[in-house]
Amino acid sequence: MFAKKAIFGRLEGGVMRKIGLFLLFIGFVVGSCSSDDSSEVGKNDVKLKYEDFVDKKMNQLLTEDFGMDIYPGNAPPIIEGSFVGSPFFCKKSNFPDFSEGIDFGSTDITFFNQNNLVQRIDFKSLLIYNPGFTGKLERWDGKGCFISGSNNKFSVVFHTEGSLEEGNGILALYKNLVAVSGELVVDERGKIEGIAKFQMASVMLDDFGDPHGILVAVGMGRLWADDFAEHK
């Protein structure tokens, strides 16, 4: 309502002045949008590094404590697409945990917007829990993730926004470090069949106070694995 009054309140006395102000406003908005777009493009052109996401302590947790394979290299295979890991066994954790050796359910992961020039890729996943776990679904979304590797081996690491859900409600929100590694398998025609030696680790970075007391503590995490995650 305020905007309508500003435009129509004094039409007779200041048409040209208002048109001028309107054009000035449009120019300002266009200029601001162009500036923001350029900033975003520039940000996406910056080459990422493993150390942008993983410090020495976290690298020790992933590679030594969990025994996870992190593949170096700046020429990873093109892994864009969706994959399903099922069964999804917890192989290891860095805290007393009932779930080691337990099948959590299935995970549906998608990689997209891969750019090997800056070693950047986007990621999203949906973990569907087996009965008996707190929550039914867990979602992870990562934009601007780091990807490395060579030949058919790859690793992806990133910080993600996560949510633990049940029914139509969100039980908890958090931030975590996620690492994914594996070996891309393609047929003789070059068609992707899946990911062999599929590994996924998650370490809690921020539990936002965990008001319901249902999340693992900050710094705690798990490694999951599947011998072969099929391409959808």
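Data overview
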| quantity | calculated |
| --- | --- |
| Hey, residue 161 without any contact (Cβ under 8 Å) to a residue 24 or more places away in the chain and charged (D, E, K, R) or not | yes |
| Considering residues of region 89-134 that are among the polar types (S, T, N, Q) and not in a strand (DSSP E or B) only, the residue nearest to residue 50 (Cα to Cα) | 119 |
| When residues of region 46-62 are limited to those that are in contact (Cβ under 8 Å) with a residue 40 or more places away in the chain and over 15 Å from residue 202 (Cβ atoms), the one surrounded by the most Cβ atoms within 10 Å (Cβ to Cβ) | 48 |
| Some residue of region 201-212 being touching an Asp or Glu at 6+ places or on another chain (Cβ under 8 Å) and at pLDDT 95 or above | no |
| Count of region 129-154 residues which are under 22 Å from residue 207 (Cβ atoms) and either hydrophobic (A, V, I, L, M, F, W, C) or modelled with pLDDT of 95 or more (or both) | 4 |
| From the options 69, 97, 108, 65, residue that is touching a residue at least 12 places away in the same chain (Cβ under 8 Å) and open to solvent by less than 40 Å² (accessible area, probe 1.4 Å) | 97 |
| Residue ID - farthest from the chain's Cα centre (by Cα), chosen from residues in region 118-129 that are open to solvent by 40 Å² or more (accessible area, probe 1.4 Å) and closer than 15 Å to residue 180 by Cβ | 126 |
| Any hit, region 182-198, residues being assigned to a strand (DSSP E or B), modelled with pLDDT under 95 and surrounded by fewer than 21 Cβ atoms within 10 Å (Cβ to Cβ) | no |
| Residue count, region 56-88 (criterion: part of a loop (DSSP other than H, G, I, E, B) and touching a Ser or Thr at 6+ places or on another chain (Cβ under 9 Å)) | 14 |
| Failed item in (1) in contact with a Ser or Thr (Cβ under 7 Å, 6 or more places away or on another chain); (2) within 22 Å of residue 205 (Cα to Cα); (3) not basic (Lys, Arg), with residue 106 passing the rest | (2) |
| Any hit, region 205-221, residues being of a type in the set (A, V, I, L, M, F, W, C), open to solvent by 30 Å² or more (accessible area, probe 1.4 Å), within 18 Å of residue 110 (Cβ to Cβ) and over 15 Å from the mean Cα position of the chain (by Cα) | no |
| Selected residue (only one of 177, 164 is aliphatic (A, V, I, L, M), under 20 Å from residue 204 (Cβ atoms) and either modelled with pLDDT of 95 or more or in a loop (DSSP other than H, G, I, E, B) (or both)) | 177 |
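To keep it simple, each residue is scored yes or no on (1) more than 15 Å from the chain's Cα centre (by Cα); (2) free of Cβ contacts under 8 Å to residues at least 60 places away in the same chain; (3) open to solvent by 10 Å² or more (accessible area, probe 1.4 Å).
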| site | (1), (2), (3) |
| --- | --- |
| 116 | yes, yes, yes |
| 150 | yes, no, yes |
| 157 | no, no, no |
| 165 | yes, yes, yes |
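The values are calculated or read from the model by the stated rules, or taken from the named source; none is laboratory data. These numbers come from a predicted model, not from an experiment. Backbone-built Cβ (ideal geometry, glycine too); neighbour counts: all protein chains shown. Heads up: the accessible areas ignore ligands, DNA and RNA and are worked out on the full protein's heavy atoms, side chains in. Shrake-Rupley method; radii C 1.70, N 1.55, O 1.52, S 1.80 Å.
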